[in-house]
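Take a look at the structure below.
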Amino acid sequence: MEKYKLLACIVFLLFLGCKNEDERANTNRRNNSVVKKDKDDKIQEKLILNKNLNDFKGEYRFLNEEDPSHNLFLKLEKKDIKELKEFEGYAWEEKDDYGKSREVTLQGLLYANTELYEDTGEGYEKGYFVAKVKVEPLEEKLLKIIINVKPSEILERPIVPPIKSSFEAIKKGNKVWSVNEYSIAKELVFEIVNDHIIILKTDFSDKEFKKK
């Protein structure tokens, strides 16, 4: 009789062990499912964040070692649209440091020259400018940068940071370019390689900008 009782106890203990093992396995599956969901949510959150333009804040440079006069600089910063007069353009919503929603945009300055997209013309030296720019996502892996430059803002000599306007450059001795009927209104297209490299697409030669 004692033998049967002992056997019954062993069977019962084995049953409990199997049951506990199943419960642990189910718990692990649930935990793994939660971890995977959290991971998927973080990936999705990253994709959503990439739809704003936070990753592209900073200074990008195209450097021409053979002829520094062809160097190009693109400085971008995030702005609260409430700080901008008569804002028009692309903006996205995000939380500020206090958890309040606000609309922000990406704007900045482009330091370039008149040969950025086309030949200035025979007998003319190229002109130089620093232009305010607006940034918009064009489509997947593309950015659109809008520039408008008046003739009086194009100067004879290169303009480089930290100068922020043609007016400031003129005060420092630069002069208005001789081709005073020339103005610029363009939409520049940049291909996104990653947040540290963007490539300006042109009809002549593409220009790779790297973040400083």
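Quick notes
- Applying 1/(1 + (r/R0)^6) with R0 = 30 Å to the Cβ-Cβ distance of Lys95 and Lys210 gives a FRET efficiency near 0.50.
- Simple spin-label estimate for Glu156 and Asn180 gives 1.4 nm between the two label positions (7 Å along the Cα-to-Cβ direction from each Cα).
- The range 165-212: translational diffusion in µm²/s, Stokes-Einstein, Kirkwood Rh over Cα pairs, 4 °C, 1.567 mPa s: 95 µm²/s
- Cross-link pairs beyond the 22 Å C-alpha cut-off, checked among Lys172/Lys210; Lys85/Lys150; Lys78/Lys144: Lys172/Lys210
- Taking the range 85-212 and dividing mean pair separation by its residue count, relative contact order in percent (alpha carbons under 8 Å, at least six apart): 19 percent
Each value in this text was obtained by applying a stated rule to the coordinates, not by laboratory testing. Here the structure is a predicted model, which means the values were calculated and not measured. Neighbour counts run over all protein chains shown; Cβ positions are idealised from the backbone, glycine included.
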